[in-house]
Each structure stands twice: as C-alpha cells, then as structure tokens.
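Peer 1: Quick one: the structure is below, questions incoming.
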Amino acid sequence: MNVEKKELKVAALENGTVIDHIPSNQLFKVVSILGLEKCPNSITIGNNLASKKIGRKGIIKVADRFFKEDDLNKIALVAPEAQINIIRDYQVTEKRKVSLPDVVHGIIRCNNPKCITNNEPMETIFHVTDKVNIQVKCHYCERSVSKDEIEIC
C-alpha cells in the first residue's frame, strides 16, 4: 500500500508582524486584544506548538501589518513573555519583547458589577500596580484585579 505523506505548508511572511511565545491558553485573548477578528489581512495562527521556553506556545503571523508599539504592549497583560518580530522583505528586521504599559484603556472589563463602566457606556481605564505579577486597578471603582481574574472586553 502506498501512503502519501502530506504536509501543511505555510507561506513565508514577506512583510508584517509575527507575535511569538504566546502561552497556548492565552492565544485567543491576544487575538481579541489586537482586534484581529476584524483584520482583513492574511493571518496565520498556530497553537500548542512545541517551545523550549514555555513548553507549548501559540504564534500569530499578520501579513502586511505593523502595529503601534502601544497596542502590542497591551498583550503583556496575558502574554508577558511574548516576542514581536517585524518582517520586511522576508527578513526579521526587528525583535523586541512586549512591555506592560502603566495604564490600559478599553480592553479589560471591570469585575465589579457596581462599577460605572459596567452600567454606563464608557471606556474602562486600569492602572497597572504590579508589572511583575500583573495586577491592575480600576480607575473608577479602585477594584484590584490579578492576572488570573483579567477579563478582556
């Protein structure tokens, strides 16, 4: 019996952004934070890939799109070890790690049901109080939220 081995081939990225070393269980939160579900560009997503650094990882390749640094840094909320690779002409021209900003606007839902942000149409604002253990505090009700409790809007 002749069994053909088929391989899935993913085209190399000519220009764009690669987000690597995303914990597998956080991959789709990163997609949500960056609004990729609305992105018209070609996107390649890999999940549960072997990683020497973190065991299992996710990776996202976005063709022909370069994100603002502030937007990429927001993913540090859920993927603090993520690495950003900028690709130009099929070459990695820049590598950097994400860095958690001091203030995060509009992507975290306050877990206090009485908070004004859950009862009025307004953008949430959270101040980062601990960048190492990832702890944030709501600007309006001052409720602290730990990394495990963060819910993306």
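Peer 1: I'd like to verify a number: residues in segment 50-68 that are surrounded by 12 or more Cβ atoms within 10 Å (Cβ to Cβ) and either touching a Ser or Thr at 6+ places or on another chain (Cβ under 7 Å) or not hydroxyl-bearing (Ser, Thr, Tyr) (or both), how many?
Peer 2: Number of matching residues: 13.
Peer 1: Further question on the same structure: Condition first: more than 13 Å from THR117 (Cα to Cα), open to solvent by 70 Å² or more (accessible area, probe 1.4 Å) and not in a strand (DSSP E or B). Now tell me which residues in segment 137-153 satisfy that.
Peer 2: Listed by number, the residues that qualify are LYS147, ASP148, GLU149.
Peer 1: So ASP71 passes all but one of these: (1) assigned to a strand (DSSP E or B); (2) modelled with pLDDT under 95; (3) not β-branched (Val, Ile, Thr). Which condition number does it fail?
Peer 2: Unmet condition: (1).
Peer 1: Looking at (1) aliphatic (A, V, I, L, M); (2) open to solvent by 30 Å² or more (accessible area, probe 1.4 Å); (3) in contact (Cβ under 8 Å) with a residue 24 or more places away in the chain, which is the one condition that is false for ILE108?
Peer 2: (2)
Peer 1: Now for a different question. For segment 18-32, which positions are buried (at least 16 other Cβ atoms within 10 Å of the Cβ), in contact with a strand residue (DSSP E or B) (Cβ under 6 Å, 6 or more places away or on another chain) and farther than 16 Å from ASP64 by Cβ?
Peer 2: ASP20, HIS21, ILE22, SER24, LEU27, LYS29, VAL30
Peer 1: Looking at ILE107, ILE84, which is the one that is in the same structural domain as ILE22 (by TED's automatic domain parsing) and within 29 Å of PRO40 (Cβ to Cβ)?
Peer 2: It is ILE84.
Peer 1: Those residues that are of a type in the set (S, T, N, Q), farther than 19 Å from PHE66 by Cα and in a loop (DSSP other than H, G, I, E, B), I need them from segment 86-127; list them, please.
Peer 2: Within segment 86-127, ASN111, ASN112, ASN119, THR124 qualify.
The values are calculated or read from the model by the stated rules, or taken from the named source; none is laboratory data. Keep in mind the model is a prediction, meaning the values are calculated, not measured. Virtual Cβ from ideal backbone geometry, glycine too; neighbours counted across all protein chains shown. The accessibility values were calculated without ligands, DNA or RNA, using every heavy atom of the protein model including side chains. Shrake-Rupley method; radii C 1.70, N 1.55, O 1.52, S 1.80 Å.
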